[in-house]
Amino acid sequence: MPEAEIVLRLDRISKRFGALKANDAVSLTLRRGEVVALLGENGAGKTTLMNVLFGHYLADAGTIEVFGQPLAPGNPRAALAAGVGMVHQHFALAGNLTVLENIRLGTERLWARGVGAAREKVERLSRDFGLSVHPDARVGRLSVGERQRVEILKALYRDARILILDEPTAVLTPQEAEALFATLRRATGLGLSVIFISHKLHEVMAIADRCVVLRHGRVVGAVDTHATDRGALAALMVGGELSLPRAEARAAGAVLMRVDGVSTPDRGAVPGLKAVTLDLRAGQITGLAGVSGNGQAALAEIIGGLARPASGRLTLRDRPVRDWSPGIALAQGIARIPEDRHHQGTIGDFDLTENAVLETYRSRFSRRGWMNWRAARRFAEAIIKGYDVRCPGPETRIRLLSGGNMQKLILGRALAGGSIREAPEIILANQPVRGLDVGAIAYVQSQLIAARDRGTAVLLISEDLDEIMGLSDIIHVMSQGRLSPGFARGTMTAPELGLWMAGQKFESAHAA
Amino acid sequence: MRLEPVANPSTARRLGLPALAIAATMVVAMGLALLAGASPLATLGQIAVGALGSKLAILETLNRATPLIFTGLAVAVAFRAKLWNIGAEAQLYAGAIVTVLLGTGALGGPLVLPVSALVAMLAGAALLLGPVLLKTRLGVDEVVTTLLLNFIMLLFVSYLLEGPMKDPMGMGWPKSQALIPEARLPRIVDGLRLHWGFALAILAAIGVWVIQTRTALGFEIRAVGQSPEAARFAGMPVNAVLVKTALLSGGLAALAGWSEVAGLKGLLSQDLSPGFGYTGIIVAMLALLHPLGVVVTAVFVAGIFVGSDAMSRAAGVPTYIADMLTAVALLCMVLAILLTKVRVVRG
């Protein structure tokens with residue numbers, strides 16, 4: 001089969017943010033009629049690469065060619081004009097306008113003539129590509145899947161010949177996802193080329209011809225999907241080349257917290273927990289691997305006090321938990337490192353002192369309702385010093401700090417404990433190193449190991465298998481809200497864990 | 001054209017733009033005077049003289065500022081927690097009704113004033129309790145509920161003044177009986193119209209400032225306003241904080257009604273408040289929600305109103321100019337604040 005013409009060529013794109021190399025000489029080619037999957041974990045550099053393509057970021061190095069023509073850098077309109085369309089994860093549609101109006105919005109005047117021609121074109125496109133949606137329906141009344149079709153139609157209407165889909169199935173039900181795949185197959189048959197951004201392995205296997213895997217900003221693999229399998233892709237995605245702290249094996253202590261047969265309801269496309277049972281032991285790091293969106297958030301919310309189980313129960317030091325809230329969890333010695341450090345972990349316009357005492361202002365820094373700001377400031381200074389938080393001083397607004405320094409403050413705050421009881425007994429670390437540079441990663445991980453060595457129970461939730469395998473004494477995998485059995489350190493390989501992450505092992509374990 | 005955030009606005013930017021906003025307000029004022037056929041500079045001068053030109057004028061301005069300080073504080077406290085209390089007007093009337101009920105003979109002796117102040121605050125707080133519970137329990141938008149309560153309250157006052165609270169000796173006018181002398185706030189200096197309500201308003205401003213900066217509740221209020229998600233994650237009782245904020249805000253707004261009745265008017269009538277509750281929003285926004293700033297902006301806004309009254313008599317420019325000026329000042333200030341945080345970029 002002769003190779004089709006190359007329609008898009010990204011050549012050695014590099015983009016750095018401070019110390020973080022978001023893209024490091026990333027190259028990618030896309031041929032006519034082809035679906036290329038861009039695979040990688042959160043923070044691997046997928047979004048940065050697309051932002052460079054669309055001119056939102058200026059690349060530090062590298063060139064882009066669309067249909068053989070070089071693309072002017074830093075101009076958001078250039079890519080659109082060259083025939084590249086993008087469908088974002090979050091749709092940009094006006095709910096009170098009709099489908100047709102939304103499609104024309106921004107390209108032509110709504111009251112100009114030519115509505116008839118526009119309607120014809122939309123109807124023709126939706127017929128050709130199997131994107132059934134009524135042009136006069138109000139977008140606000142459409143389902144999520146239908147809205148996505150409108151977004152795709154919008155791109156096609158603007159004569160896009162290259163379509164970029166950013167995690168398109170994240171919001172879809174399985175049936176809607178299947179319909180989307182049918183559309184994409186039809187579209188490539190008509191000569192459209194597609195970049196499919198995802199971190200879901202089975203979808204990539206189902207729809208993509210080739211697959212480019214990004215990890216820490218670098219291309220770590222470019223493979224034909226026919227010549228590979230899920231386990232190999234998972235191993236590529238999570239890699240194995242970085243030398244980061246590794247915890248030595250160590251005997252575990254008593255069970256501090258037990259999650260006992262806990263289930264939660266599904267939330268849209270995100271599965272709830274399915275009778276999850278998990279023990280957190282003193283002096284042990286329990287790693288929870290899995291692709292995000294498989295129930296980790298629900299489990300973290302339950303352990304952190306933000307939610308209660310719909311069924312099943314939680315026991316803390318052998319006592320069943322009755323009242324449960326973030327405040328109670330803190331007072332019971334559970335420290336949390338949240339997944340979203342910008343929105344959950346800190347308040348951007350508060351200074352470092354205020355952020356340092358966000359959890360303990362009542363228990364440790366006030367008396368009869370009066371704040372002791374002097375003590376709070378001393379506490380913040382101690383964290384800054386003890387955890388090497390690089391900042392001008394405790395009165396700096398925390399939004400001005402880098403992610404790594406922000407995370408160090410959160411870590412210091414968490415390890416100082418939430419109650420009169422000094423150090424925490426349980427640490428819930430949810431994606432603690434996501435988006436950090438390597439130095440900060442090593443620091444945060446070594447602190448978690450040190451906490452374990454002091455006898456703390458650590459639950460480490462991560463998408464990064466390297467991190468999980470390097471740190472955990474025992475590893476569980478989450479998939480579709482189900483929890484795998486615990487595997488002791490060193491008994492599992494990355495491809496084996498990959499199969500559990502993909503959900504295959506659950507089925508075979510079930511069948512057996 | 002698009003807006004791009006400025007990470008660390010310079011001092012020049014933070015002080016220069018508000019100054020520019022005030023200058024722009026002056027220019028608009030002169031334009032309005034010109035449209036009305038008067039001399040622009042003379043009109044501005046007359047507003048200034050009318051507001052600050054004599055001892056009497058100054059005291060009148062401070063008197064007018066008193067309810068605005070209270071309503072401004074009420075709004076500033078609530079807005080700090082992103083609790084959008086648009087109902088200070090209704091809470092003001094709740095306070096005024098209670099003051100009249102307790103002050104027309106139901107109570108006597110030296111305790112009348114403190115008791116009526118306290119009960120007035122409770123009434124104002126109670127009035128805001130409904131909307132805030134609807135917000136925390138059912139997610140009902142408090143902008144709508146507090147705004148609509150204003151109209152309900154105005155009609156309720158109208159009913160009271162035509163019915164149960166109507167003064168039998170009032171020659172048929174819709175007004176209440178007058179307060180007994182013990183229920184009146186004394187004047188700060190004999191013979192001058194300024195009453196103790198002004199001093200209490202300043203104390204209230206200092207009190208709110210202390211609460212916001214020195215107490216755990218103040219910390220919670222600011223945290224909930226900045227990021228409810230982070231506050232909840234940190235273990236703060238977000239809903240309880242909102243309820244406490246509402247009680248404080250409603251109580252402060254009610255004190256405006258209390259001080260107007262007990263300090264100035266001596267009775268309840270339908271024209272007790274020419275929109276002090278709404279003007280309080282402008283006062284609070286101009287002060288960037290800072291409680292001590294509220295004192296300054298309340299005096300500024302009061303001065304525009306008092307000065308415009310005087311100017312109108314002398315120059316024949318309609319007093320509506322005062323409303324337009326405060327509105328323009330607010331718009332310019334909001335724009336100035338926005339422009340300290342973002343810059344306009346081409347492309």
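The values are calculated or read from the model by the stated rules, or taken from the named source; none is laboratory data. It should be emphasised that the depicted structure is a prediction, and the values quoted were computed from it without experimental measurement. FYI the Cβ positions are ideal-geometry reconstructions off the backbone, even for glycines, and counts take in every protein chain you see. Just the protein is used for accessible areas: all its heavy atoms, side chains included, with ligands, DNA and RNA removed. Shrake-Rupley method; radii C 1.70, N 1.55, O 1.52, S 1.80 Å.
Given +1 at the Cβ of Lys and Arg, -1 at the Cβ of Asp and Glu and no other charges, the dipole of segment A:6-238 around its Cα centre is 420 debye to the nearest 20. Most simply put, chain A has about 55% antiparallel DSSP beta bridges, counting only bridges with both residues inside it. The mean number of partner chain beta-carbon atoms within 10 angstrom of a residue's beta-carbon across peptide A:386-394 is 0. Sorted from greatest to least, the principal axis extents spanned by the alpha carbons of segment B:295-347 come out as 51, 27, 11 Å. Hey, how much of the P(r) for segment A:255-511 falls beyond 34 Å, as a percent of Cα pairs? The share of Cα pairs beyond 34 Å in segment A:255-511 comes to 16 percent. For B:Val132, neighbours were defined as the other residues whose beta-carbon sits under 10 Å from its Cβ, and their charges (Lys and Arg +1, Asp and Glu -1) total +2.
Compactness of the protein assembly as shown is given as radius of gyration and Dmax, 32.4, 104 Å, from Cα positions. Which residues of segment B:210-243 end up with at least 40 Å² less accessible area in the presence of all protein chains than when their chain stands alone, using a 1.4 Å probe? Residues meeting the cut-off: B:Arg214, B:Ala216, B:Phe219, B:Arg222, B:Gln226, B:Glu229, B:Ala230, B:Arg232, B:Phe233, B:Ala234. Across segment A:6-238, Cα pairs under 8 Å and at least six residues apart give a relative contact order of 29 percent. Pair-distance distribution of chain A: all C-alpha pairs, bin width 20 Å, starting at 0; shares per bin in whole percent are 21, 50, 27, 2.
Rounded to the nearest 20 debye, the dipole size of the protein assembly as shown about its Cα centre is 1040 debye, using +1 on the Cβ of Lys and Arg and -1 on the Cβ of Asp and Glu.
Buried surface for the A/B pair, taken as the accessible area of each chain alone minus that of the pair with a 1.4 Å probe, is close to 2200 Å² in total. Taking the accessible area of segment A:255-511, probe 1.4 Å, and keeping the other protein chains in place, the carbon and sulfur fraction comes to 50%.
Could you pull out every one of the lysines with an alpha carbon less than 27 Å from that of A:Lys505, ignoring same-chain neighbours closer than 8 positions? The reachable lysines, counting only those whose Cα sits under 27 Å from A:Lys505, are A:Lys200, A:Lys274.
Judged by the mean number of other Cβ atoms found within 10 Å, the most tightly packed of the peptides A:120-132, A:351-363, A:473-485 leads the ranking A:351-363, A:473-485, A:120-132.
Taking a straight Cα-Cα cut-off under 20 Å and skipping sequence neighbours fewer than 8 places away in the same chain, the lysines within cross-link reach of A:Lys385 are A:Lys408. For segment B:256-347, the relative contact order comes to 20 percent (Cα pairs under 8 Å, sequence separation of at least 6).
Across the accessible surface of segment A:6-238, with the other protein chains kept in place and a 1.4 Å probe, carbon and sulfur atoms take up 50 percent. Only the Cβ atoms of Lys and Arg (+1) and of Asp and Glu (-1) were treated as charged; on that basis the dipole of chain A about its Cα centre amounts to roughly 1300 debye.
Once all protein chains are placed together, A:Trp370 keeps about 130 Å² accessible to a 1.4 angstrom probe. Taken residue by residue and averaged, Cβ atoms of other chains lying within 10 Å of the Cβ of A:368-380 number 2. Volume per residue of the convex hull around the Cα atoms, evaluated for segment A:6-238, comes out as 121 Å³.
Compare the Cα positions of A:Leu156, A:Ser143, A:Ile195 along the charge dipole of segment A:6-238 (+1 at Cβ of Lys, Arg; -1 at Cβ of Asp, Glu; about the Cα centre) and return the one farthest towards the positive end. Comparing the listed Cα positions along the dipole, A:Leu156 ranks first. For the Cα trace of segment B:184-336, dividing Rg by the Kirkwood Rh returns an Rg/Rh value of 1.03. Rg over Rh for segment A:327-400 works out to 0.96, using Cα positions for both radii and the Kirkwood form for Rh. If I model segment B:65-223 as equal point scatterers sitting on the Cα atoms and use the Debye formula, what is log10 I(q)/I(0) at q = 0.16, 0.17, 0.21 Å⁻¹? For segment B:65-223 at q = 0.16, 0.17, 0.21 Å⁻¹, log10 I(q)/I(0) is -1.06, -1.16, -1.44.
For the protein assembly as shown, the solvent-accessible area works out to 44 Å² per residue, with a probe of 1.4 Å and every protein chain left in place.
Shown here are the Rg and Dmax of the Cα trace of chain B, at 21.1, 71 Å. Partners of B:Lys82 within straight-line reach, counting lysines whose Cα lies under 23 Å from its Cα and excluding those fewer than 8 residues away in the same chain: B:Lys135, B:Lys244, B:Lys341.
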